[in-house]
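A.B. asks: Following this message is one structure expressed as C-alpha cells.
Every number in this text was worked out from the coordinates using simple rules, so none of it is lab data. Model, not experiment: these values are computed from the prediction. Reconstructed Cβ throughout: ideal geometry from the backbone, glycine too, with neighbour counts over all protein chains shown.
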Amino acid sequence: MTKQRVLSGVQPTGNLHLGNYLGAIRNWVEIQQEYDNFFCVVDLHAITVPHDAKALADNTLTMAALYLACGIDLECSNIFVQSHVKAHSELTWLLNCITPLNWLERMIQFKEKALKQGENVSVGLLDYPVLMAADILLYDADKVPVGEDQKQHLELTRDIAIRINDKFGKKKEPVLKIPDPLIRKEGARVMSLTDGTKKMSKSDPSELGRINLLDPPDAIKKKIKKCKTDPVKGLAFDDSERPECNNLLTLYQLLSGKTKEEVATECQDMGWGKFKPLLTDTAIAALEPIQNKYQEIMDNRDYLDSVLRVGAAKADDVANATLARVKNALGFLPNL
Ligand code: AMP
Ligand code: TRP
C-alpha cells in the first residue's frame, strides 16, 4: 500500500518559538514515518506583511535548518522552499479566479492581521489563504498537521477544492484531493508567557511572551522567571480561572515527555517558586539537542543547500503534474 501524503509549512519570519514547535513541527516529526511528507518553508507567505529583504534569505535557511534539527528525516520527508517551486504561484492565480472574495474577507487571521497593519494592507495578505490552499492541493495532501489557528484556512482549502471539483471535475475523476487537517489537542494552542489568554506569537512585540527554539539557557531562565502566574496555592490543569497555570503545566508536560496524569500528581502541591526552576531546567534540556544539531547543520552550508536542491526538484515533479491536471480541467491550450 502506498503511504498517504502529508504537507505542512512554517513562515520564515524571525525565530521559531515553542508554539510553532509544539503545535506543528514536533507533530510532523512524530508522524513522519507513517507518511510520505513534504515540508516547505513558506517564504511567499512571509512577504504578505512588510518584510525585511536583507533578512528573508537568511531566515529561510534558518527555518530549513531548524526543520532538520527538530528531527525531520529525509528518508521519508522532503524539505523545500516554497518560492523555488513555481507551481505554487501559478496555481494560486488559477484558484484566485474561482474563489469568491467574501470567503477571504471573513478569514479571522486576515481580519486580525489587517487590523495590525492599519493603512498598509496588501492584496497578498487577503490572498494568503489561497496561496496556502495551493501549497496543499498541489501535493494531493491527505493530511495537513497544523496548530489550531490554521483550522479555518484548512476549511477554506477544502471548500476551494470542492468547488473546483464540482465545476470542472467528473464524478469519478475529481481534479483535486480534499485534504484533512491534523490537529493534536495538546500543544495545539500554546499561550503567551505574559498572558495565558493570548497565543504565543512571532508578532508579539515583547520577547518575554515567547521562548524561541534558539534562545540560550539564560534567556529561557529569565523569561520563565518573569512569566505571569497567579496567587493560588498548588498547581492544576484545566481550571478556566487559571489560564497561565494550565499553559505552564502543559509546557512542562510536553517538554518533559511525561503524561498529563504524572504531571498533575507531581505538581499538585507545588508552589511557583519550586515549579519555575523545574520548568526552566526541563525547557533547557529539551532544547539543547535541537540547538546543537542546528549549529552543526548551519556550519555545513553545502549540505543544507543540497537538501533544499533535492527537495525542490522532488516537489517540482509532484506539483507540476497537479498543475497540468488543473490547467487541463480548466480548459487551457496545452503548450506542446
Ligand atoms: P506561523 O508561525 O504562523 O508560520 O505558524 C506555523 C505553525 O505553527 C502553524 O502550524 C501554526 O498553527 C503553529 N502555531 C503558531 N503559533 C502557535 C501557538 N501559539 N500554539 C500552537 N501552534 C502554533
Ligand atoms: N499559514 C500557515 C501558518 O501561518 C503556514 C502555511 C502556509 C501552511 N502554507 C501552508 C501550513 C500549508 C500548512 C500547510 O501557520
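A.B. asks: Take the alpha-carbon centre of the range 78-132, take the same for the range 241-279, and report the distance between them in whole Å.
C.D. replies: 38
A.B. asks: Also, I was wondering about something else. For the chain, taking Cα atoms only, what is the radius of gyration to one decimal and the Dmax to the nearest whole Å?
C.D. replies: In Å, with Rg to one decimal and Dmax whole: 21.0, 73.
A.B. asks: If you don't mind, another one. Restricting to DSSP H runs of at least four residues, report the calculated mean residue ellipticity at 222 nm for the chain, -39500 (n - 2.57) per run over all residues, nearest 500 deg cm²/dmol.
C.D. replies: Details: 13 runs with 174 residues, N = 336.
Only helices count here, giving -16500 deg cm²/dmol.
A.B. asks: For the range 126-190, what class follows from the C-alpha gyration tensor (a ≥ b ≥ c being the square roots of its eigenvalues): rounded when a/c is under 1.5, otherwise prolate if a/b is larger than b/c, else oblate? All intermediate terms of the calculation are to be shown ahead of the outcome.
C.D. replies: On the way: a/c = 2.76, a/b = 1.90, b/c = 1.45.
It comes out prolate by the Cα gyration axes.
A.B. asks: Assuming a viscosity of 0.890 mPa s and a temperature of 25 °C, what translational diffusion coefficient in µm² per second does Stokes-Einstein assign to the range 19-78, Rh being the Kirkwood radius over Cα pairs?
C.D. replies: Working: Rh = 12.6 Å.
Rounded, D is 195 µm²/s.
A.B. asks: Right, here's the next one. What are the trypsin sites (Lys or Arg not before Pro) within the range 86-141 that DSSP puts in a loop, where the Cβ has at most 16 other Cβ atoms within 10 Å?
C.D. replies: Passing both the DSSP loop test and the Cβ count: LYS86, ARG106.
A.B. asks: Subtracting the Cα-Cα distance from 0.36 nm times the residue separation, let me have the gained length for TRP103 to VAL232 in nm, one decimal. Numbers along the way, then the final one.
C.D. replies: On the way: separation 129, 0.36 × 129 = 46.44 nm, distance 4.42 nm.
That works out to 42.0 nm of additional length.
A.B. asks: Restricting attention to the range 201-303, which GluC sites (Glu not before Pro) occupy a DSSP loop and are surrounded by at most 15 other Cβ atoms within 10 Å?
C.D. replies: Taking the range 201-303 and a limit of 15 other Cβ atoms within 10 Å, the loop GluC sites (Glu not before Pro) found are GLU241.
A.B. asks: Sticking with this structure for a sec: Take the alpha-carbon centre of the range 1-55, take the same for the range 136-204, and report the distance between them in whole Å.
C.D. replies: 12
A.B. asks: Can you give the translational diffusion coefficient of the range 182-243 in µm²/s, computed by Stokes-Einstein from the Kirkwood radius over Cα pairs at 4 °C and 1.567 mPa s?
C.D. replies: 99
A.B. asks: I would also like to ask the following. Past 27 Å, Cα to Cα, is the threshold; run LYS3/LYS111; LYS113/LYS260; LYS113/LYS327; LYS116/LYS199; LYS177/LYS202; LYS111/LYS151 against it and keep the listed order.
C.D. replies: Values: LYS3/LYS111 37 Å; LYS113/LYS260 34 Å; LYS113/LYS327 32 Å; LYS116/LYS199 16 Å; LYS177/LYS202 31 Å; LYS111/LYS151 15 Å.
Flagged as over cut-off: LYS3/LYS111; LYS113/LYS260; LYS113/LYS327; LYS177/LYS202.
A.B. asks: Multiply the residue gap between LYS274 and GLU75 by 0.36 nm, knock off their C-alpha separation, and tell me the result in nm, one decimal place.
C.D. replies: 67.4 nm
A.B. asks: Quick query: amide H of LYS199 versus all other amide H atoms, modeled in the peptide plane; which residues come in under 5 Å with a sequence gap of 5 or more or a different chain?
C.D. replies: Answer set, sorted by chain and number: SER192.
A.B. asks: While we're here: Skipping prolines and chain starts, which residues have an amide H placed within reach, meaning under 5 Å, of the one on PHE38, given they are 5 or more residues away or on another chain?
C.D. replies: Under 5 Å from the amide H of PHE38: VAL6, LEU7, SER8, ASN78.
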